[in-house]
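Participant: Pasting in a structure now, in structure tokens, and then I'll have a few things to ask.
Just so you know, all these numbers are worked out from the coordinates, no wet-lab data involved. The shown structure was predicted, so the numbers you read here are calculated from the model rather than taken from an experiment. No Cβ is skipped: glycine too gets one built from the backbone with ideal geometry, and neighbour counts run over all protein chains shown.
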Amino acid sequence: MLRVVTANLNGIRSANVKGFLPWLALQQADVVCLQELKAQSADLPPETVTPNGFRGFFSFAEKKGYSGVGIYAKKIPDQVIYGFGIPEFDAEGRYIQADFGNVSIISLYLPSGSSSDERQAAKFRFMAHFLPHLAQLRCSGREVIVCGDWNIAHQAIDLKNWRSNQKNSGFLPEERAWLSRLFDEQGWVDTYRRLHPDATDACYTWWSNRGQAWAKNVGWRLDYQIATPGIAAQVRRCAIYKEQRFSDHAPLTVDYDHPFGD
């Protein structure tokens, strides 16, 4: 079995203060994809770089206290790829890929466009560049799992207040159509929806810090493990962990009936 966890930490140091690493030590995960590290290499002590038998690999943003992605792995990858070849976004630390045998696992932090029109434009640029990259991955002959914060809720069942958010970043028609192209045209599979096609309130992975969003479960499903069809067909379990809060996102764990590293 292959167990993969993805978690947007909204600051790795903050999440660790809130107990993320002790929780992770109990999860029996093989690979853990991290997003929004908000740290540089010098900020991470050894127990954060190699915790509990994991080896850590990180793509940090050049801008301090911003973005950044990482992968913890129980086995040493055959290779690690930092970035996907677009300098604007590779400098922001948004993509890291680890290859294990015939499986590639990617930690992705797709830009948010909620802060300004400028950032929304950057998000659309990222999407335009990333679509052909996903097509190449899909046709590579490898099994691929793209984990992370995609910053898009795909369908109305993926967020609580969908009617009032149709003109807001994260639920724009163009964004939703882009995700649909991944599934319908390229053939990627939303692993959570494969097992839970109709889940609504239980599916959320992010809650605004404003108001009583967490208490009232006014959430969004922004964190996905999107996979190629072969390994997606081997999904046996998906779980969103909400008992503790390490960040404004909840970790998503997916079990695949696939040998790790073969």
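Participant: Of LEU182, LEU195, LEU252, how do they rank once you tally other Cβ atoms within 10 Å and put the fewest first?
Facilitator: By the 10 Å Cβ count, ascending, the order reads LEU195, LEU182, LEU252.
Participant: So what's the convex hull volume per residue for the Cα atoms of segment 13-72, in Å³?
Facilitator: Values: hull volume 4.3 nm³, N = 60.
Enclosed volume per residue, from the Cα hull, is 72 Å³.
Participant: Do the sum for the chain: with -39,500 (n - 2.57) for every DSSP H run of n ≥ 4, divided by all residues, what is the mean residue ellipticity at 222 nm, to the nearest 500 deg cm²/dmol?
Facilitator: Numbers: 8 runs with 60 residues, N = 262.
Rounded to the nearest 500, the figure is -6000 deg cm²/dmol.
Participant: Filter LYS38/LYS123; LYS63/LYS160; LYS64/LYS242; LYS216/LYS242; LYS18/LYS38; LYS18/LYS64 down to the pairs with a C-alpha to C-alpha distance above 23 Å, please.
Facilitator: As for pairs spanning more than 23 Å Cα to Cα, those are LYS63/LYS160; LYS64/LYS242.
Participant: A further question follows. In what order do TYR82, TYR72 fall by count of nearby beta-carbon atoms within 10 Å, going from fewest to most?
Facilitator: TYR82, TYR72
Participant: Could you state the orientation-averaged shadow area of the convex hull built on the Cα atoms of segment 155-262, in nm² to one decimal?
Facilitator: 7.8
Participant: Shifting gears a bit: For segment 231-262 and segment 1-74, write down the distance between their C-alpha centroids in whole Å.
Facilitator: 15
Participant: How many percent of the alpha carbon pairs in segment 77-206 exceed a separation of 25 Å?
Facilitator: Taking all Cα-Cα pairs of segment 77-206, the fraction more than 25 Å apart is 27 percent.
Participant: Now, a different point. How big is the gap, in Å, between the Cα center of segment 99-134 and the Cα center of segment 138-209?
Facilitator: That distance is 13 Å.
Participant: Which of HIS196, HIS258 comes first, and how do the rest follow, when ranked by fewest Cβ neighbours within 10 Å?
Facilitator: Values: HIS196 15, HIS258 20.
Fewest to most other Cβ atoms nearby, the residues stand as HIS196, HIS258.
Participant: So, one more: Could you give the alpha-carbon Rg of segment 2-256 over 2.2 N^0.38 Å, rounded to two decimals? Please report the intermediate quantities before stating the final value.
Facilitator: Numbers: Rg = 16.7 Å, N = 255, 2.2 N^0.38 = 18.1 Å.
For segment 2-256, the normalised Cα radius of gyration comes out at 0.93.
Participant: In what sequence, highest mean first, do 106-113, 83-90 appear when ranked by Cβ atoms within 10 angstrom?
Facilitator: With the highest mean Cβ count within 10 Å placed first, the list reads 106-113, 83-90.
Participant: So, one more: In angstroms, what radius of gyration and Dmax does segment 6-117 have, counting Cα atoms only?
Facilitator: For segment 6-117, the Cα radius of gyration and maximum Cα-Cα distance read 13.6, 43 Å.
Participant: If you don't mind, there's one more thing I want to ask. Report the charge-dipole magnitude of the chain in Debye, nearest 20, computed about the Cα centre from +1 at each Lys and Arg Cβ and -1 at each Asp and Glu Cβ.
Facilitator: The dipole magnitude comes to about 580 debye.
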